[in-house]
Amino acid sequence: MGDKRTSKEILIEAASRLFRIRGYYGVGLKGIIEESNIPKGSLYHYFPKGKEELAIEAINHAKEVVLRDIKHVFESNEDPVKALQDHVYEVSKLFGEKGELIGLPIGTIAAETYSTSEPIRMACQDAFAQWQSIYVNKFLDAGYSVERSKDLSIVINALIEGGILLSLTAKNAEPLEAIAKLIPSLFIGK
């Protein structure tokens, strides 16, 4: 099966990559056009409302990639603690050798736009909620109470997003690796 991505998909992927690395305000449409190698007219054809509309699609793209990654790790681990550790170790791999940034979820764009773009804020909120729902279901399946499952899902999501920011500033994966190592300490009781 060949890689037959549409111009729209290429634009979304390029925008997603750039927004994750540079943030919303650090990326212009010109940069997205250059990164994607797609004509300017195509960008406006697919995203007539401009950058904000494209950003929402980029957030949704990142959300789906992360959902797929979480589900993959969780399906191969019945134990929620081991599944979470493996998931965070996988996230740590987003920081390549020598701190080279390979990709990130949506924390940067969420922090930048929460007060300036309600549609982007809502797209980010939806992404976080969907990721957390997978965690909640994993905890529920393991016998945790509903309240504990919800609380743990928030803590895990916050740890991962915070670990990403710390890894960004450190230019290495050590903060995320430390989080993964200490995950079992969160699971003292159900």
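The values are calculated or read from the model by the stated rules, or taken from the named source; none is laboratory data. Treat the numbers as computed from the prediction; the structure is a model and nothing was measured. In this analysis, Cβ positions are derived from the backbone assuming ideal geometry, glycine residues included, and neighbour counts consider all displayed protein chains. In case anyone asks, the SASA skips ligands and DNA or RNA and just uses the protein heavy atoms, side chains included. Shrake-Rupley method; radii C 1.70, N 1.55, O 1.52, S 1.80 Å.
Quick notes on this structure:
- Straightening the chain between Asp151 and Lys4 buys 48.8 nm, computed as 0.36 nm per residue apart minus the Cα-Cα spacing.
- Our analysis of the chain gives Rg over Rh at 1.00, with the two radii drawn from alpha carbon positions and Rh computed by the Kirkwood formula.
- Two-site FRET efficiency, Asn137 against Lys30, from Cβ-Cβ distance with R₀ of 41 Å, rounded to 0.05: 0.45
- The distance from the alpha carbon centre of segment 10-71 to that of segment 114-170 is 22 Å, rounded to a whole number.
- Using θ = phi - 60° in the Karplus curve 6.51 cos²θ - 1.76 cosθ + 1.60, the 3J(HN,Hα) couplings for segment 145-156 round to 5, 4, 4, 5, 4, 5, 4, 4, 5, 5, 4, 4 Hz; x is entered for Gly and Pro.
- Residue pairs, from the table Lys71/Lys150; Lys51/Lys138; Lys30/Lys93; Lys30/Lys71, whose Cα atoms sit over 28 Å apart: Lys51/Lys138; Lys30/Lys93; Lys30/Lys71
- Take every pair of alpha-carbon atoms less than 8 Å apart whose residues are at least six positions apart; their mean separation over the length of the chain yields a relative contact order of 24 percent.
- Derived scalar couplings ³J(HN,Hα) [segment 74-81; Karplus, 6.51 cos²θ - 1.76 cosθ + 1.60; whole Hz; x for Gly, Pro]: 5, 5, 9, 9, 6, 6, x, 5
- Rounded percent of accessible protein surface that carbon and sulfur make up, segment 80-190, 1.4 Å probe: 59 percent
- Per residue, the accessible area of the chain comes to 55 Å² when a 1.4 Å probe rolls over the protein heavy atoms.
- Å³ per residue enclosed by the Cα convex hull of segment 75-187: 104 Å³
- Taking 0.36 nm per residue of separation and subtracting the current Cα-Cα distance, fully stretching the chain between Lys49 and Arg22 would add 7.6 nm.
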